[in-house]
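The values are calculated or read from the model by the stated rules, or taken from the named source; none is laboratory data. Everything numeric here is computed off the predicted structure, so don't read it as measured data. Here the Cβ positions follow ideal geometry from the backbone for every residue, glycine too, while neighbour counts run over all protein chains shown. Heavy atoms of the whole protein, side chains included, go into the accessibility calculation; ligands, DNA and RNA do not. Shrake-Rupley method; radii C 1.70, N 1.55, O 1.52, S 1.80 Å.
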Amino acid sequence: MNIGIELLGDLAFLLIACAGVGALAYILKQPLILGFLAAGILIGPFGPFALIKNIEMLNNFSDIAIVLLLFGVGLSFPLSKLRGVGKAGLIIASIEVVVMLGVGFALGTLFGWNFYDSMFLAAALSISSTAVIIKVLEDRDSMETTSGVLLTGVLVIEDIIAIVMISTMHSAVLTGSVEFELLIWTVAKIGMFFAGTLTLGILVVPKIFGIISKLERFEITITFALGLAFGLSFLTYNLGFSAATGAFLAGVIIAGSKFSDDISTLITPIREIFVAIFFVTIGALMNLSEIGTFWIPIAVITIIVLFGKIIGVYTGVKLFGTSKQYALGIGLSMASLGEFSFIVLKTGKDLGVVSDMLFPIVGMVVVLTTFIGVMMAKRGIKTVEAYE
C-alpha cells in the first residue's frame with residue numbers, strides 16, 4: 001500500500017478512536033487522559049483491534065505532539081509569572097522531586113532493573129500532572145484561592161525542573177557518563193542556554209511579531225510562532241539537549257510579548273489535537289500483555305508514588321508553619337502523575353536506553369494515580385480551603 005494512503009488510514013483510526021473514547025471518558029466524568037490512553041491501547045499494534053501497525057508513524061506523531069505540548073506549557077509561563085511563584089513553590093517542588101527521585105531510583109534498583117531503567121523510572125515518578133491538577137482546580141473554581149495559587153506555583157516549578165531534568169538525562173546518556181561533575185556542567189550549560197536564548201528571544205521576537213501583526217493575517221502569525229517552536233526544538237536537540245527544552249523556551253519567549261494571548265488562542269486548537277494524539281500514541285505503544293508479568297511492580301510503585309508524593313509535599317508545606325491539615329490537603333492534591341512521565345519515557349526510548357517493559361508499567365501507574373489522584377485532589381483542595 002502507498003505509504004501516504006496508509007498514513008491517512010492510520011490518522012483516521014487514531015482521531016476517530018481519540019474522539020470516541022475521549023467522549024465516553026467525558027460522559028463518565030473521568031479525566032480525558034484516561035480516555036485517550038484507552039483509545040490508543042484499543043487500536044495500537046498490541047491492542048485487540050490492532051488498527052494501527054506503523055510504529056514509526058506513532059513515534060513521529062508523538063514527537064510533534066511533545067513539541068506542541070511543551071510550547072503550550074511555555075506560553076502559560078511568562079517570566080513575570082515565574083518570578084511570582086515565590087520561595088514557597090520552589091522549596092515545596094524541590095523537596096517533592098528530590099524525594100521521588102530517591103524513592104523511584106531505589107524502587108528500580110530493588111526490582112533488579114539496570115541503571116538507566118531505574119534513572120528514567122525515578123524521573124517519570126517525580127513530576128505531578130499539571131493537566132489533571134489544574135483541571136480539578138478549575139472545576140472547583142479554586143484557581144485564584146491561596147491554595148490554588150500555591151499549587152499552580154509548585155506545578156510551574158516542577159514543569160521547569162522536568163525540562164532541565166530531561167535535557168540533563170539526554171546529555172548524560174549521549175556522553176555515556178553520569179558523573180557528578182559532568183551533571184553539574186550539563187546543568188550549567190542548560191542554564192546558560194536558557195539565559196542566552198531567553199535574553200535574545202525577548203529582545204528580538206516581539207519586534208518580529210510587531211512587524212507581522214501589521215499584516216493582519218493570522219496565518220502568518222501562527223506559522224512564525226510554530227516555526228519558532230520547531231526551530232528551537234531542532235536547535236536544542238542538535239546541541240545535545242532535549243527537543244522539549246527548545247519548545248518550552250519558544251513558548252516562554254512569546255508569553256512575555258503583548259501578542260501572547262492572540263497566539264495562545266490561535267495555537268490552542270492545534271495543540272489540543274496533538275496533545276490528544278500524544279496520549280493515544282502512548283497508549284498504542286503500551287503492550288498490556290506484559291502487565292500480568294509486572295503486576296507486582298505496578299502495585300508497589302503505585303502505592304509508593306501516592307504516599308511518597310503526599311509525604312514529600314507535606315514536608316515542604318510544613319516548613320512554612322502551616323497546620324497539619326493544610327499541609328496534608330496540599331499533599332493530597334499533588335498525588336497524580338501525567339504527561340511528563342510519558343515524555344521522560346519517550347526520551348529514554350528514543351535514546352534506546354530504557355526497556356520496553358517500562359511503558360506498560362509506568363502507563364498503568366499513571367492510569368491508577370490519575371484515577372485515584374483526582375479523588376484525592378478534590379478531597380485535598382476541599383480540606384485546604386476549610387483552613388484558609
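Tell me which DSSP H helices of the chain clear both cut-offs, 24 Å or more of axial length from alpha-carbon atoms and a mean Kyte-Doolittle hydropathy of at least 0.0. Kindly include the intermediate steps, with their values, before the conclusion.
Numbers: long enough: 3-27 (36 Å, 1.98); 55-75 (30 Å, 1.65); 86-110 (36 Å, 1.79); 146-175 (44 Å, 1.66); 180-213 (47 Å, 1.68); 218-238 (30 Å, 1.29); 260-284 (34 Å, 1.22); 295-318 (34 Å, 1.77); 358-386 (39 Å, 1.40).
Length and hydropathy pass: 3-27, 55-75, 86-110, 146-175, 180-213, 218-238, 260-284, 295-318, 358-386.
Test of understanding: in a Gaussian network model of the chain with alpha carbons linked when under 10 Å, which of 355, 213, 333 would top the mean-square fluctuation ranking?
Taking springs between Cα atoms under 10 Å, the residue moving most is 213.
Please say if region 178-318 is rounded, prolate or oblate, where rounded means a/c under 1.5 for a ≥ b ≥ c the square roots of the C-alpha gyration tensor eigenvalues, and otherwise the choice is prolate for a/b larger than b/c and oblate otherwise?
Prolate.
Given +1 on the Cβ of Lys and Arg, -1 on the Cβ of Asp and Glu, and no further charges, what dipole in debye does region 251-349 carry about its Cα centre, rounded to the nearest 20?
On the way: 7 positive and 5 negative charges, 69 e Å.
With only Lys, Arg, Asp and Glu charged at Cβ, the dipole is about 320 debye.
For the chain, modelled as a Gaussian network with Cα springs under 10 Å, which listed residue fluctuates most, 316, 231, 176?
Answer for the Gaussian network model of the chain: 176.
Region 283-315 to region 144-167: how many Å between their Cα centroids?
22 Å
Keeping every protein chain present and rolling a 1.4 Å probe, give me the accessible area per residue for the chain in Å². Display every interim value, and only then the final one.
On the way: 16980 Å² over 388 residues.
Here the per-residue accessible area is 44 Å².
In debye to the nearest 20, how big a dipole does region 186-335 give about its Cα centre with +1 on each Lys and Arg Cβ and -1 on each Asp and Glu Cβ? Before the final figure, lay out the partial values.
Numbers: 9 positive and 6 negative charges, 93 e Å.
Computed charge dipole of region 186-335: roughly 440 debye.
Using a Gaussian network model of the chain whose springs link C-alpha atoms within less than 10 Å, name the residue from 337, 68, 174 with the highest mean-square fluctuation.
174
Once neighbouring chains are kept in place and the probe is 1.4 Å, which whole percent of the accessible area of the chain is contributed by carbon and sulfur? Could you put the intermediate results ahead of the total?
Numbers: 11820 of 16980 Å².
Result for the chain: 70 percent of the exposed heavy-atom area is carbon or sulfur.
Give me the extension gain from residue 181 to residue 28: residue separation times 0.36 nm, minus the current Cα-Cα distance, reported in nm with one decimal. Present the calculation step by step, with values, prior to reporting the outcome.
Numbers: separation 153, 0.36 × 153 = 55.08 nm, distance 5.02 nm.
Separation in residues times 0.36 nm, less the Cα-Cα distance, equals 50.1 nm.
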